[in-house]
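Q: One structure follows; several queries about it will come next.
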Amino acid sequence: MESKGEGHGHRRHERKRDLDRPASAWREKELIDGRLVDVGVLILQTSGCSHYHEGGCSMCGYNYGPRLDVPPSSILRQFENGLGDLGEIRFLKIYTSGSFLDEDEVDPEVSDTILRTCKDLGLRLLFETRPEYVTPARIGRVQFLHDDVEVALGLESANDKVLECSINKGFSVKDYDRAAEILREREMDIRTYVLLKPPFLTETEAIRDSVATMAHAAEVSAALSLNPVNVQKGTLVEKLWRSWSYRPPWLWSVLEVLRSCEGLGVKVVCDPTGGGKERGAHNCGKCDDVILDSIRGFSQSQDYSRLGAPECGCKAIWESVVDLEPFVAGGCADLQRFFRRQRA
Ligand SMILES: [Zn+2]
């Protein structure tokens, strides 16, 4: 699982080793069919992402720390306890350390029970999965149990070179397109996660990559979620950040990518994890809060006029960065060396 601005990773420090409780649970609001509804978010503790065995993604902190052995009964209790804590909601988002549809991570009996429960409670359900677990049979089963489901896919970038050399994502754009096709044939809603500024891209390249990815994903998605990279513990991004080779994106860049989505015709949400802090998307410290508020206001209203543009001296600095920042050479080789070491 990657860092999801809508929620992921917000409260990871609260993670306890009590395997009967979710890693975290909170409420938020989201616009659905023109109405602002109460949303519950559950982060379930699972044994982890299958992609861990390939070194994991460069920005994802969920591969950090010991691998857990989480029995199916614990995952179910986390769901039940978490749901109880959330109170009255209309929409539930469930994230695991990897993929909800990975049967090695979430036992099929457990995912069946979760789907049935949400159906019974009249809850729209969102879960996240890597595209390789999206098969006609698996999606058929999901739909048989619950018809109000949104499937979240972490595409991150619509550029295969970025997927391979900046993120180590372990799949290609074609894999995402194939999964999206299966979901669309069955008229299921897709939410696509798009990353802003994976390592080894300049600020300018990062903006261009996210703008292109949002446009690519808009063709098949009901919603797009823009996720500026935040520096998570134990990741390659953290190593680079510590050696002054990486800076999280500027909030000016976040605004620019969001503005590019006007006219795409799909819902766009963004809530930068760690926004305004040195490990998250940030500006100079003076203008951060007002911009973050405007981004949240936009996410909850879909009103592009709410994307703020306060006057601040740091905008000139950002503009010169966008013009001048040199490309960090040798990115791909560095990344592949890092992941070889991880695997060793
Ligand atoms: Zn500023």
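Q: Can you find even one residue in the stretch 240-249 that is open to solvent by 50 Å² or more (accessible area, probe 1.4 Å), within 14 Å of the ligand (Cβ to nearest atom) and on the phi > 0 side of the Ramachandran plot?
A: No, the stretch 240-249 has no match at all.
Q: In addition: Which numbered condition trips up LEU292, out of (1) more than 20 Å from ALA316 (Cα to Cα); (2) touching a residue at least 24 places away in the same chain (Cβ under 8 Å)?
A: Result: LEU292 fails condition (1) only.
Q: Let me ask something else about it. Based on this model, can you work out whether VAL231 counts as touching a Pro at 6+ places or on another chain (Cβ under 9 Å) and away from the ligand (no atom under 16 Å from the Cβ)?
A: Yes, satisfied.
Q: Residues in the stretch 207-232 that are surrounded by fewer than 24 Cβ atoms within 10 Å (Cβ to Cβ) and assigned to a helix (DSSP H, G or I): how many?
A: Total satisfying the criteria: 7.
Here is a yes/no grid of residues against (1) touching a residue at least 40 places away in the same chain (Cβ under 8 Å); (2) farther than 30 Å from LEU240 by Cβ:
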{"position": "GLY140", "(1), (2)": "yes, yes"}
{"position": "PHE144", "(1), (2)": "no, yes"}
{"position": "ASP148", "(1), (2)": "no, yes"}
{"position": "ALA152", "(1), (2)": "yes, no"}
{"position": "ALA180", "(1), (2)": "yes, yes"}
{"position": "GLU187", "(1), (2)": "no, yes"}
{"position": "ARG208", "(1), (2)": "no, no"}
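Q: Give LEU83, LEU101, LEU121, LEU68 a once-over and let me know the one that is under 15 Å from VAL41 (Cα atoms) and hydrophobic (A, V, I, L, M, F, W, C).
A: LEU83
Q: Next question. Considering only the stretch 18-47, state which residues are part of a loop (DSSP other than H, G, I, E, B), open to solvent by 10 Å² or more (accessible area, probe 1.4 Å) and touching a Gly at 6+ places or on another chain (Cβ under 9 Å).
A: ARG21, PRO22, SER47
Q: Still on this structure, please answer the following. Can you name the number of the only condition in (1) open to solvent by less than 50 Å² (accessible area, probe 1.4 Å); (2) of a type outside the set (Lys, Arg); (3) under 22 Å from ARG27 (Cα atoms) that GLU88 fails?
A: Every condition holds for GLU88 apart from (1).
Q: Could you pull out the residue among LEU126, LEU145 that is open to solvent by less than 50 Å² (accessible area, probe 1.4 Å) and either within 15 Å of HIS51 (Cβ to Cβ) or in contact with a strand residue (DSSP E or B) (Cβ under 8 Å, 6 or more places away or on another chain) (or both)? Spell out the reasoning first.
A: Values: LEU145 fails: either within 15 Å of HIS51 (Cβ to Cβ) or in contact with a strand residue (DSSP E or B) (Cβ under 8 Å, 6 or more places away or on another chain) (or both).
Criteria check complete, one pass: LEU126.
Q: The conditions are (1) within 23 Å of SER24 (Cα to Cα); (2) touching a Gly at 6+ places or on another chain (Cβ under 9 Å); (3) of a type in the set (A, V, I, L, M, F, W, C), and CYS165 fails exactly one of them. Which is it?
A: Failing condition for CYS165: (1).
Q: Show the residue pairs meeting these rules: Cβ distance below 8 Å; 6+ apart or different chains; first residue within the stretch 271-286 and without any contact (Cβ under 8 Å) to a residue 12 or more places away in the chain; second residue within 14 Å of the ligand (Cβ to nearest atom).
A: Close Cβ pairs satisfying both conditions: GLY285/GLY276.
Q: Follow-up question, since we're still on this one. Limited to the stretch 284-327, what total is found for residues that are within 14 Å of the ligand (Cβ to nearest atom), assigned to a loop (DSSP other than H, G, I, E, B) and open to solvent by 70 Å² or more (accessible area, probe 1.4 Å)?
A: 2
Q: Ok, one more. Looking at the stretch 254-265, is at least one residue modelled with pLDDT of 95 or more, in a helix (DSSP H, G or I), within 16 Å of the ligand (Cβ to nearest atom) and open to solvent by 10 Å² or more (accessible area, probe 1.4 Å)?
A: There is at least one residue in the stretch 254-265 that is modelled with pLDDT of 95 or more, in a helix (DSSP H, G or I), within 16 Å of the ligand (Cβ to nearest atom) and open to solvent by 10 Å² or more (accessible area, probe 1.4 Å).
The values are calculated or read from the model by the stated rules, or taken from the named source; none is laboratory data. These figures come from a predicted structure and were not determined experimentally. Glycine also receives a Cβ, built like all others from the backbone with ideal geometry; neighbour counts cover every protein chain displayed. These area figures cover heavy atoms from the full protein model, side chains too; ligands, DNA and RNA do not enter into them. Shrake-Rupley method; radii C 1.70, N 1.55, O 1.52, S 1.80 Å.
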